[in-house]
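Encoded as structure tokens, the structure appears first; notes follow it.
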Amino acid sequence: MPSVILGESGKSDFLMGNEAIARGALEAGVSVATGYPGTPSSEIIDTLLEIAGDFGIYVEWSVNEKVALEIALAASFCWARSLCAMKHVGLNVAHDALVNACYIGARGGFVVVSADDPGAWSSQNEQDNRYIAMQAYMPVFEPSDPQEAKDMIVYAYDFSERLNTPVMLRTVTRVSHATGRVVFGDIVKPERRVYFEKRPDLLIYDSAGARRNRIALIKRFEKVQEAVNNVPFNKMMLNDGSVGVIASGVAYRYVMEALKVLEMKDKVSILKIGTPYPPPREAIVRFLDAVDSVMVVEEVEPILETLVKSIAYEEDIHAEIRGRSTLPRAGELTPRIVLEALSSFLKIDNPLDVDALNKAWNYSNSLPPPRPPTLCPGCPHRASFYSISTVAKRLDRNPKLYGLNQL
């Protein structure tokens, strides 16, 4: 059965966000794709593994996230386009390699997919990896739906090569696992000449090299800050009203849905941000000049909100800027949460009777019974957990067997 991502150029199909990212990698001519399994990122590599042999792509599940990132970085250094995918907490494992990768820069396009998990539906925390990107001087692209996820991947490779920088594509669970119609572009088979060039100045990080390459990193990032002003995924829609909303990623979709329910779609100005870091400064300044008050909607942390406030301060713009003072600080956003926040911000009545909806839903009868979380099928930690549990049971029965009666 042919993979769902292999549709003809110009045709469309319904794809999961992660499948759309895999299709985007095909259209970008990716040669190497690596990753470590973890929800909500796993389907990217799974999908590419199905078709890798037909397109001459090297795809692997690596032994851990650090190894995955280093293999993809090595491929980029040899002028191949490479992709590395993992969930948000996986980037902690690859953190050291990631920071040094940004010092080295990219030759072949190099995209790291960080699939964040607001709400911690399958994770131990809600960390927002835009913070890691900020630390590493790494530009971030954030799609709002599967179509944009596919298109952003293609654009990100050109962006990465043009500016010699690794790029993060930050998704969240509701983009990675949502399904939407995606229009296909042309698939590009990787045909680049790949070769290794000895560059001790870039690849050996003693103190002198680190000091030298940090200066190069900062200069490169200054060019990135200019370039994001022209990224087509940043879009402004100005209306006559004095209020505006700045939104990034899936939060933009929630905002548009909420404004439709509130019948305010044509009365509120919108700035959609596709590059939350660094943000498009020129568009933000123009937007803040056009409105009196702004609400910033994003997941999870108020990163874009803080950057917008900083720009307003530096440009001496006095628009009121709100965000997490109105939105909850914990848990993922939902259309209902955004609707309630926007109705409060806009000082208009919420047309939905939330109490009635909760009563109609009747959580106690509608939801399945709770169950403890389980390790994913195929996860190597299953074997470790089983081994530890087996030994623990034996210890309970006979401590002398292991000499523990002496403790």
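Considering only residues that are in contact with a Lys or Arg (Cβ under 9 Å, 6 or more places away or on another chain) and part of a helix (DSSP H, G or I), look in region 342-356 and name the one that is nearest to residue 178 (Cα to Cα).
354
Residue by residue, here is whether (1) of a type in the set (Ser, Thr, Tyr); (2) assigned to a helix (DSSP H, G or I); (3) over 21 Å from residue 172 (Cα atoms); (4) in contact with a Leu (Cβ under 9 Å, 6 or more places away or on another chain) holds:
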residue	(1), (2), (3), (4)
247	no, no, no, yes
272	no, no, no, no
282	no, yes, yes, no
300	no, no, no, yes
304	no, yes, no, no
309	no, yes, yes, no
312	no, yes, yes, yes
324	no, no, no, no
338	no, yes, no, yes
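Has region 246-260 got at least one residue that is surrounded by fewer than 17 Cβ atoms within 10 Å (Cβ to Cβ), within 29 Å of residue 343 (Cα to Cα) and in contact (Cβ under 8 Å) with a residue 60 or more places away in the chain?
Among the residues of region 246-260, at least one is surrounded by fewer than 17 Cβ atoms within 10 Å (Cβ to Cβ), within 29 Å of residue 343 (Cα to Cα) and in contact (Cβ under 8 Å) with a residue 60 or more places away in the chain, which makes the answer yes.
Determine if region 219-240 includes at least one residue that is more than 22 Å from residue 274 (Cα to Cα) and either at pLDDT 95 or above or of a type in the set (A, V, I, L, M, F, W, C) (or both). So that I can check it myself, show each step before the final result.
Of region 219-240, the ones more than 22 Å from residue 274 (Cα to Cα) are 219, 240.
Still in the running and either at pLDDT 95 or above or of a type in the set (A, V, I, L, M, F, W, C) (or both): 219.
Yes: region 219-240 contains one or more residues that are more than 22 Å from residue 274 (Cα to Cα) and either at pLDDT 95 or above or of a type in the set (A, V, I, L, M, F, W, C) (or both).
Which pairs do you get when a residue that is under 19 Å from residue 23 (Cβ atoms), found in region 186-202, comes within reach of a residue that is aliphatic (A, V, I, L, M) and part of a loop (DSSP other than H, G, I, E, B), reach meaning Cβ atoms under 9 angstrom, with the pair 6+ apart or on two chains?
Going by the 9 Å Cβ cut-off, the qualifying pairs are 188/30; 189/57; 190/30; 190/57; 190/80.
Which one is nearest to the chain's Cα centre (by Cα), of the residues in region 180-221 that are among the small types (Gly, Ala, Ser) and outside any helix (DSSP H, G or I)? Quick ask: steps written out before the conclusion?
Within region 180-221, the first condition is being among the small types (Gly, Ala, Ser), and the residues that meet it are 180, 185, 207-210, 216.
Going one step further and asking which of them are outside any helix (DSSP H, G or I), we end up with 180, 185.
On the way: 180: 17, 185: 22 Å.
Checking each candidate, the answer is 180.
Here are some conditions: (1) over 16 Å from the mean Cα position of the chain (by Cα); (2) within 22 Å of residue 139 (Cβ to Cβ); (3) in a helix (DSSP H, G or I); (4) small (Gly, Ala, Ser). Residue 53 meets all but one. Which one does it not meet?
Here residue 53 clears every test but (2).
The values are calculated or read from the model by the stated rules, or taken from the named source; none is laboratory data. Keep in mind that this is a model prediction, so the values were computed, not measured. All Cβ positions, even for glycine, are placed from backbone atoms using ideal geometry, and neighbour counts span all protein chains on display.
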